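Below is one structure, written out as structure tokens; the observations come after it.
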Amino acid sequence: MNRKYKTRIDQALQYIEENLSKRILLTDVAKVSHFSPYHFHRIFTGIVGETINDYIARRRLERAINTLIFKPDLSMTQVALGNGFSSSANFSKAVKLYFGFSPSEIRNPDKIKDSKIGKIYSKYGKDFNPSDLYPTRLTNEMTSAIYREDTIMNIEVRDIDGYRVCALPSTRGYESKAIYEAWDKLIGWAASNGIKRDEQQRFAFAFDNPTVTPIDKCRYEAAIVIGSNIQVNPPFNLSEIPKGKYAVLYFKGSPEETIKAQLSIYSDWLPDSGFEPDNFPMLEHYLNDVRVDGHIEMEIHVKLKAMVSS
């Protein structure tokens, strides 16, 4: 992809993310990207793979469902208005149509009697089950499988210095093949710039929740810590991990168990921690190579800020 096109589409995506709680006009997004509004929607669809309206609707719904789950103290109306819906009724209708379940069913999956299929399956081929959003609702059998002897978990709050990183996005979200391709390119790049493979500090920016977002639409960026003297050029991006306080969960287990470990931070630890997540994506700090060892060993980082009293 042409670098200028990608940069301008990235500006459009960033504008959308920052304004999901408001009304977003195509002309405004086109203006931010510096493309003609007459052609912007075709350029956006061609590069992103979704129409701009579909993209905005999907991101708004995904963020709303995450808010619904991880901020249970908020009312349906607060969740709806805070995520760009004009009313709780419109929010409920949109959620039911897209996910196949009402907001109250997603908040209380134990009350669901029948499995349902929403637009998310017909449009993206993704199964959606509200129970998957709640690690603490797992059966005893599943729990024992997750917390078996070789799966070790421990959370601590840690002050972390900022890092300068070179990043490379996965072209197909959380799909394994695309993730490995991104890492192979990035690891090779770092080695060619004098960072030995066994000395590389490898992080990943995990922007989305795959229990809500289709796997290939999840945003994932591989990243390696670099010194101030290293130049970064396309297709790689210069980025940073900001200094701050982070909840750090040590995890060792299978790739399939990772999402449950991540969600446990939000469902089991955060509510009583005195903190809330800061506006920064989840990080995965890899301590081994899953392709060599057959399991993942990593630290999951969630940037924190003090709880704001409502």
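Each value in this text was obtained by applying a stated rule to the coordinates, not by laboratory testing. Just so we're clear, the structure is a prediction, and the values are computed from it rather than from any experiment. Glycine also receives a Cβ, built like all others from the backbone with ideal geometry; neighbour counts cover every protein chain displayed.
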**Message:** Please state the shape class of region 189-242: rounded when a/c is under 1.5, otherwise prolate if a/b exceeds b/c and oblate if not, all from the C-alpha gyration tensor.
**Reply:** prolate
**Asked** Among all the aspartates and glutamates, which ones have a C-alpha under 19 Å from Lys96's C-alpha, if same-chain residues fewer than 8 places away are not counted?
**Response** Asp54, Glu62, Glu105, Asp110, Asp114, Asp127, Asp132
**Request:** Please name whichever of Ala64, Tyr5, Val290 sits farthest to the positive end of the charge dipole of the chain, dipole taken about the Cα centre and charges placed at Cβ: Lys and Arg +1, Asp and Glu -1.
**Result:** Tyr5
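Quick check for me: using +1 on Lys/Arg Cβ and -1 on Asp/Glu Cβ, what's the dipole size of the chain about its Cα centre, in debye to the nearest 20?
Taking the Cα centre of the chain as origin, the dipole is about 1460 debye.
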**Asked** Got a sec to turn the phi values of region 207-215 into Karplus ³J(HN,Hα) couplings, 6.51 cos²θ - 1.76 cosθ + 1.60 with θ = phi - 60°, whole Hz, x for Gly and Pro?
**Response** 7, 10, 9, x, 6, 10, 9, x, 3
**Asked** With springs only between Cα atoms under 10 Å, which of Lys111, Lys71, Lys185 fluctuates most in a Gaussian network model of the chain?
**Response** Lys111
**Item:** Reported label for calculated Rg and Dmax of the Cα atoms in Å given [x] 20.0, 59; [y] 19.3, 63; [z] 24.2, 75
**Value:** [x]
**Prompt:** Most mobile of Asp216, Asp28, Asp293 per a Gaussian network model of the chain (Cα springs, under 10 Å)?
**Reply:** Asp293
**Prompt:** With the chain treated as a Gaussian network of Cα nodes joined by springs under 10 Å, which of Leu74, Leu249, Leu61 yields the largest mean-square fluctuation?
**Reply:** Leu74
**Asked** Under the Karplus relation 6.51 cos²θ - 1.76 cosθ + 1.60, θ = phi - 60°, what is the ordered set of whole-Hz ³J(HN,Hα) values for region 157-170, x standing for Gly and Pro?
**Response** 8, 10, 8, 10, 6, x, 10, 8, 10, 9, 10, 9, x, 6
**Request:** Grab the Cα-Cα distance for Asp110 and Arg158, subtract it from 0.36 nm times how many residues apart they are, and report the gain in nm with one decimal.
**Result:** 13.7 nm
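Which of the three applies to region 233-286, rounded, prolate or oblate, going by the alpha-carbon gyration tensor with a ≥ b ≥ c and a/c under 1.5 meaning rounded?
oblate
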**Asked** Which of the lysines could be linked to Lys252 by a straight reach, that is with a Cα gap under 28 Å, when you skip same-chain ones fewer than 8 residues away?
**Response** Lys71, Lys126, Lys177, Lys185, Lys196, Lys217, Lys243, Lys260, Lys303, Lys305
**Item:** Radius of gyration, Dmax [region 3-49; alpha carbons; angstrom]
**Value:** 9.9, 29
**Message:** Could you check the spin-label model distance between Asp268 and Lys196? Points 7 Å from the Cα along Cα→Cβ, value in nm.
**Reply:** 3.8 nm
